[in-house]
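The values are calculated or read from the model by the stated rules, or taken from the named source; none is laboratory data. Values in this document were obtained by computation on a predicted structure and should not be read as measured data. Here Cβ is always computed from backbone atoms with ideal geometry, including for glycine, and neighbour counts include all displayed protein chains.
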Amino acid sequence: MAAQVPSNGINLDKGLSFPATVAAQSGANVLDEYEEGSFTTVLRDATSGGNTASIGNATSQYVRVGRLVFFSINLFNINKSGMTSSNALYLTGLPFAASDSSNAGMYSRYCNVVESDEINFTSYVTFDVPGGFSRGDFHDNRDSEIDQTLTVAAIDTASDSDIIINGFYMMNT
């Protein structure tokens with residue numbers, strides 16, 4: 001039986017509730033998931049394993065609506081001691097793996113905003129969540145030049161650099 005909408009509209013004074021265990025629904029227009037939470041990220045010099053930074057104060061939250069994941073990551077007082085300076089800088093531990101299909105929509109590294117303090121770069125930094133992974137890569141985007149992967153050496157100081165990332169990505173179903 002289909003839902004009936006009264007002539008005076010729908011009143012959601014108690015909110016819209018999704019079950020804890022979602023039964024997958026068919027159809028591209030079915031909203032079957034909403035979730036909020038926190039997660040733990042790790043700043044490292046390899047895609048997995050490798051050396052990790054210690055973070056003085058870190059908070060990471062997400063909101064998932066359907067397949068779209070919005071996130072906010074705050075990393076304050078980054079200590080890079082023990083990391084390999086020439087290695088690329090990665091952030092692992094995102095709450096869900098990104099869509100591994102380029103036609104899934106919103107598959108772009110340019111949708112994420114990065115603010116930083118005591119980080120060296122030439123133009124502006126973006127955070128790329130590559131398809132199929134729950135990690136992100138940092139890029140120094142340069143006008144009229146080839147973008148460069150940000151390395152550990154870009155963190156200026158031993159223990160008081162900060163990175164704030166706000167963005168979103170599409171995940172697999």
Return the pair list, or none, for Cβ contacts closer than 6 Å from residues in segment 84-98 that are more than 24 Å from ALA153 (Cβ to Cβ) to residues that are of a type outside the set (Ser, Thr, Tyr) and at pLDDT 95 or above, at least 6 apart or on different chains. PRO95/PHE39
Selection over segment 131-151 where residues are touching a residue at least 24 places away in the same chain (Cβ under 8 Å), aliphatic (A, V, I, L, M) and either farther than 22 Å from THR59 by Cβ or surrounded by fewer than 18 Cβ atoms within 10 Å (Cβ to Cβ) (or both) yields a count of 0
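Identify, from the list THR40, THR52, the residue that is at pLDDT 75 or above, in contact with a Lys or Arg (Cβ under 6 Å, 6 or more places away or on another chain) and not hydrophobic (A, V, I, L, M, F, W, C).
Details: THR40 fails: in contact with a Lys or Arg (Cβ under 6 Å, 6 or more places away or on another chain).
Sole residue among the options that is at pLDDT 75 or above, in contact with a Lys or Arg (Cβ under 6 Å, 6 or more places away or on another chain) and not hydrophobic (A, V, I, L, M, F, W, C): THR52.
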What are the residues in segment 81-108 that are modelled with pLDDT of 90 or more and surrounded by 18 or more Cβ atoms within 10 Å (Cβ to Cβ), if any? MET83, ALA88, LEU89, TYR90, LEU91, THR92, LEU94, PRO95, PHE96
Taking segment 35-58, which residues are within 25 Å of THR173 (Cα to Cα) and either surrounded by 13 or more Cβ atoms within 10 Å (Cβ to Cβ) or among the hydroxyl-bearing types (Ser, Thr, Tyr) (or both)? GLU35, SER38, PHE39, THR40, THR41, VAL42, THR47, SER48
Yes or no: ALA53 in contact (Cβ under 8 Å) with a residue 24 or more places away in the chain, among the hydrophobic types (A, V, I, L, M, F, W, C) and closer than 23 Å to VAL30 by Cβ? no
